[in-house]
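Since the structure comes first, as C-alpha cells, the remarks are kept for the end.
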Amino acid sequence: MLSESEIGAYREDFEALFGAGAAPALYFAPGRVNLIGEHTDYNGGLVLPLAMEQGTYMLARPREQPPARLRSTAAGGEAVVEFDPRAIEKSGDWSDYVRGVFAVLSRASQPPPPFEALVFGDLPREAGLSSSASLEVVSALAAAGLGYNLSREETARVAWRAENEFVGVPCGIMDQFAIALAEDGHALLLDCLTEKYRHIPYNLPDTALVIGHTGVGRSLAASAYRERRRECGEALALITRRVGAREHLAEVTAEELEAARDILPEHLFMRARHVVEEQRRVLEATECLRAGDPQKLGSLLNLSHASLRDLYRVSSPELDALQDISLRQPGVWGCRMTGAGFGGCVIALVDRDAVPAYLEAMPERYRPAVGREPFFIVLDRPAMGAMRIS
Ligand code: GLA
C-alpha cells in the first residue's frame, strides 16, 4: 500500500494536471497471486487466488466536456491520453485497459460521462501479478463512481470482458474475480464454471508467502497461452468421444481420463492430466488453509509446480531454478510458479521466522546460477480486494 503522504503527493499531481475543482474520488485494486489452481480457470475448474497489498490506484472525477483525459505514472512520465467517451477506440497503449472497461459499459448501457483520471501504484508490471486486471478492475470501480450501478461480481465481469473483447487477450476469469472479490485474511475459492465463490480463512499465521520474481518478463506467455487453450479443447473433444458429453476439461474425472488414454496423443493426455489433478489439489489446499497445515500445503505447491513443468509445460528454466533454490532454504514448506508461466513469479510458503534469512540468501544463490536479478515481495497475509478509498 502507498502511504498517506505518497497518495497526497499524487493528489497534488492530479490538481496540477487537471486543475483545481471538486476533489477526485480515490479507488484501489490490488494485484493477485494464485496460491494453486493454475490453468484451470478457462477449463471450468477451481482456483484459489488471493490479493496482494500492492496494487493500482486511480483518482478520478467527472468533467464538463469531452474528451476523457487520463494519465498513468506507472509507465514513467507518460503524456496525457485523450479519448472521446461516446466513440471509444483502441489505442495500443496502456489506456486500452481503461478504455476497454468503458467501451464494454457503453455497449451494455450508455456512454460514460467525460472524466479525468490519474493512475498510479506500486504493483510491478509484466510480472504475472495481474497488473492489467488490476487496472481494469480499478477502472470499473471508477465507472461505478461515475454513475454505473455495478455489484462486485459485475465489476469483475466487466473487467474480464474488457480484457477479452476489447484488449483481445483470451484470459480466464480468475484474475478479475480475485481482485474484485478478495477479502482481507482470506483466499478466494472460485468455481470458474458457476462463478460461485467462498472466502476461505487463511489459517497459517506462522508463515508468510514470498513472491519471487525471476527477473524475466512473460514474453512467450501470450502465444503459449493460446496454444494451451487450444490443446485443452482438442483433448476435451477426444475424451468426450469416449466418456460422453462434457463441457469442460475440469469436469472429467481421473478414471474417465484414463479410459480415454489410448485415443489421446501423449501431449494432450499430459495437458488434461494436469487439469484433472490440479482440480483435486485445489480442494486439498483449501482444507490445508482451514486446518492450518503448512506441510501438506507445501507439498501440494511442489506437486503443482512439477505438473506445470512436466505435464502442462508452461514453466521456464528460470522459474524452475528459483523454485529449486527456494526449496533448499531452511523454513520453506513449498514453492511453485504462479500465473500463466514462461517467466514471472514463484510463490514460496516460508516460516515467518525464516523469511529474513531467505531474503538474504536467495539473490546470492539465484543470480550466479541464472544470470538474472530476482526481486521478492513478502505477503504476510492475504490483503483486501478492490475498493473505493475516499
Ligand atoms: C493468466 C490468466 C488467468 C489464468 C492464469 C493461469 O493469469 O489471466 O486467467 O488462466 O494465467 O492459471
Handout entry: Filter result for Ala143 (within 13 Å of the ligand (Cβ to nearest atom), under 23 Å from Ser72 (Cα atoms), modelled with pLDDT of 95 or more and buried (at least 22 other Cβ atoms within 10 Å of the Cβ))
Key = no
Handout entry: Of all residues in the range 324-346 being of a type in the set (A, V, I, L, M) and assigned to a helix (DSSP H, G or I), the one that is most open to solvent (accessible area, probe 1.4 Å)
Key = Leu327
Exercise for the section: Quick one: count up the residues across the range 277-313 that are assigned to a helix (DSSP H, G or I), out of contact with any strand residue (DSSP E or B) (no Cβ under 8 Å at 6 or more places or on another chain), open to solvent by 50 Å² or more (accessible area, probe 1.4 Å) and under 17 Å from Ile200 (Cα atoms). Expected result: 5
Exercise for the section: Return yes when Leu349 is within 20 Å of the chain's Cα centre (by Cα), in a helix (DSSP H, G or I) and surrounded by 17 or more Cβ atoms within 10 Å (Cβ to Cβ) and no when it is not. Expected result: no
Handout entry: Residues satisfying the stated conditions in the range 246-266, i.e. closer than 21 Å to Asp41 by Cβ and either part of a helix (DSSP H, G or I) or open to solvent by 70 Å² or more (accessible area, probe 1.4 Å) (or both)
Key = Glu247, Leu249, Ala250, Glu251, Ala254, Glu256, Leu257
Handout entry: Matching residues in the range 212-222 - criterion: being at pLDDT 95 or above and open to solvent by 20 Å² or more (accessible area, probe 1.4 Å)
Key = Gly215
Exercise for the section: Quick one: in the range 41-58, of everything that is under 13 Å from the mean Cα position of the chain (by Cα) and either closer than 15 Å to Arg280 by Cβ or open to solvent by less than 10 Å² (accessible area, probe 1.4 Å) (or both), which residue is nearest to the ligand (Cβ to nearest atom)? Expected result: Val47
Practice task
Please enumerate the residues belonging to the range 7-40 that are within 16 Å of the ligand (Cβ to nearest atom), of a type in the set (A, V, I, L, M) and not in a strand (DSSP E or B).
Solution key: Leu35, Ile36
Exercise for the section: Can you work out which of the residues in the range 316-350 that are touching a strand residue (DSSP E or B) at 6+ places or on another chain (Cβ under 6 Å) and over 15 Å from Ile36 (Cβ atoms) is farthest from the ligand (Cβ to nearest atom)? Expected result: Gly331
Practice task
Please state which of the following conditions Glu231 fails to meet, knowing it meets all the rest: (1) under 19 Å from Gln54 (Cα atoms); (2) away from the ligand (no atom under 13 Å from the Cβ); (3) of a type outside the set (A, V, I, L, M, F, W, C); (4) open to solvent by less than 30 Å² (accessible area, probe 1.4 Å).
Solution key: (1)
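Conditions tested, residue by residue: (1) within 22 Å of the chain's Cα centre (by Cα); (2) at pLDDT below 95.
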{"site": "Arg71", "(1), (2)": "no, no"}
{"site": "Gly77", "(1), (2)": "no, yes"}
{"site": "Glu89", "(1), (2)": "no, no"}
{"site": "Gly92", "(1), (2)": "yes, yes"}
{"site": "Val104", "(1), (2)": "yes, no"}
{"site": "Ala108", "(1), (2)": "no, yes"}
{"site": "Glu116", "(1), (2)": "no, no"}
{"site": "Asp122", "(1), (2)": "yes, no"}
{"site": "Gly128", "(1), (2)": "yes, yes"}
Problem - Whichever residue in the range 354-373 is of a type outside the set (Val, Ile, Thr), touching a residue at least 40 places away in the same chain (Cβ under 8 Å) and open to solvent by 10 Å² or more (accessible area, probe 1.4 Å) and, among such residues, is farthest from Ala182 (Cα to Cα) - result: Ala369
Exercise for the section: State all residues of the range 146-187 that are open to solvent by less than 20 Å² (accessible area, probe 1.4 Å), away from the ligand (no atom under 11 Å from the Cβ) and not in a helix (DSSP H, G or I); if no residue qualifies, say none. Expected result: Ala182, Gly185, Ala187
Problem - Selection count where residues are in contact (Cβ under 8 Å) with a residue 12 or more places away in the chain and not small (Gly, Ala, Ser), scope the range 245-272 - result: 15
Handout entry: Selection count where residues are among the polar types (S, T, N, Q) and under 11 Å from Gly121 (Cα atoms), scope the range 44-65
Key = 2
Completion exercise
Counting only residues that are hydroxyl-bearing (Ser, Thr, Tyr) and assigned to a helix (DSSP H, G or I), the range 62-116 contains a total of 2
Handout entry: Positions within the range 188-211 being of a type in the set (Ser, Thr, Tyr) and open to solvent by 10 Å² or more (accessible area, probe 1.4 Å), in sequence order
Key = Thr194, Tyr197, Tyr202
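The values are calculated or read from the model by the stated rules, or taken from the named source; none is laboratory data. Because the structure is predicted, anything quoted here is derived from the model rather than measured. As a convention, Cβ positions derive from the backbone with ideal geometry for all residues, glycine included, and neighbour counts pool all protein chains shown. For the accessible areas, the whole protein counts, side chains as well, though only heavy atoms, and no ligand, DNA or RNA atoms are used. Shrake-Rupley method; radii C 1.70, N 1.55, O 1.52, S 1.80 Å.
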